[in-house]
Ligand code: CO
């Protein structure tokens with residue numbers, strides 16, 4: 001008869017002790033944000049990253065923010081100029097050394113493609129070696145159909161006000177050789193086109209090339225086209241493949257067809273509403 005309350009007390013004490021240890025852990029928990037971009041070696045393009053840095057630190061003022069680039073080529077290029085930028089793997093290792101226990105990664109990529117999967121893989125390998133450190137990863141811009149629809153509205157709202165409905169707007173995305181990933185661009189092009197038939201999205205790689213867009217513009221007899229990158233920064237692809245003087249650039253190809261072009265060298269990271277999509281995705285992981 002006496003045993004029951006005794007056990008209850010023991011259980012209660014154990015529970016209290018456990019919750020003390022638990023809250024103690026929470027006090028010691030050190031959280032940090034890691035922003036991971038493809039990267040750029042074009043200094044003027046970096047202003048797009050400055051905008052992300054500012055906007056994210058405003059939203060998460062208490063938390064330290066670090067950066068990593070996924071592109072090995074760009075990190076090597078920058079290292080030659082004396083600028084060492086971490087890969088995600090290197091950044092994780094530094095966090096472990098500085099006693100961070102909770103890493104919230106935000107992918108600044110556009111689609112969940114090879115670059116994104118690389119982060120996921122690096123995180124999984126790291127967590128295996130450091131079971132005491134938790135890594136959560138926020139999604140890139142385009143995942144489900146809701147995110148594609150939201151993006152279409154943001155892009156349309158960001159088109160220069162002077163653009164007439166009869167002018168084409170052609171976004172340049174990167175594209176992917178991986179079919180499933182490339183479909184995100186196909187979907188976005190479809191949604192943009194359904195909202196405004198003169199707005200298109202093509203890509204440098206993959207299935208959504210410029211050819212059918214150029215053909216449609218010709219058939220409609222369009223006189224003018226705005227060219228806008230759908231990439232986080234207006235880097236190499238935007239400067240050369242989109243707006244460059246070479247005969248293969250989109251600008252040259254459209255102008256050869258008699259369509260006047262207005263290239264806008266602005267990355268998606270310079271559009272606050274797009275940075276907010278990344279920040280929302282980050283916040284979802286942050287709260288977990
Ligand atoms: Co590329």
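A short reminder: the numbers here are calculations on the coordinates, not readings from a lab. Just so it is clear, the structure is predicted and the values come from calculations on it, not from any experiment. All Cβ positions, even for glycine, are placed from backbone atoms using ideal geometry, and neighbour counts span all protein chains on display.
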ask   = What's the number of the condition residue 159 fails, among (1) more than 28 Å from residue 42 (Cα to Cα); (2) out of contact with any helix residue (DSSP H, G or I) (no Cβ under 9 Å at 6 or more places or on another chain)?
value = (1)
Subset tally (residues that are away from the ligand (no atom under 16 Å from the Cβ) and in contact (Cβ under 8 Å) with a residue 12 or more places away in the chain) for the stretch 210-225 = 10
task = Go through the stretch 242-279 and give me each residue that's surrounded by fewer than 19 Cβ atoms within 10 Å (Cβ to Cβ) and assigned to a helix (DSSP H, G or I).
result = 252, 253, 255, 256, 272, 273, 276
Strands (runs of 3 or more DSSP E) within the stretch 107-215 that include 3 or more residues under 23 Å from residue 243 (Cα atoms) = 168-173, 199-203
request  = Name the single residue, out of those in the stretch 226-241 being more than 11 Å from the ligand (Cβ to nearest atom) and over 16 Å from residue 209 (Cα atoms), that is surrounded by the fewest Cβ atoms within 10 Å (Cβ to Cβ).
outcome  = 239
query = When both residues are 6+ apart or on different chains and their Cβ atoms are under 7 Å apart, which pairs have a first residue that lies in the stretch 192-209 and is more than 21 Å from residue 251 (Cβ to Cβ) and in contact (Cβ under 8 Å) with a residue 24 or more places away in the chain, and a second that is assigned to a helix (DSSP H, G or I) and within 14 Å of the ligand (Cβ to nearest atom)?
reply = 207/182
key: Which listed residue is farther than 30 Å from residue 180 by Cβ, more than 15 Å from the chain's Cα centre (by Cα) and not in a helix (DSSP H, G or I), from 58, 47, 94, 84   = 84
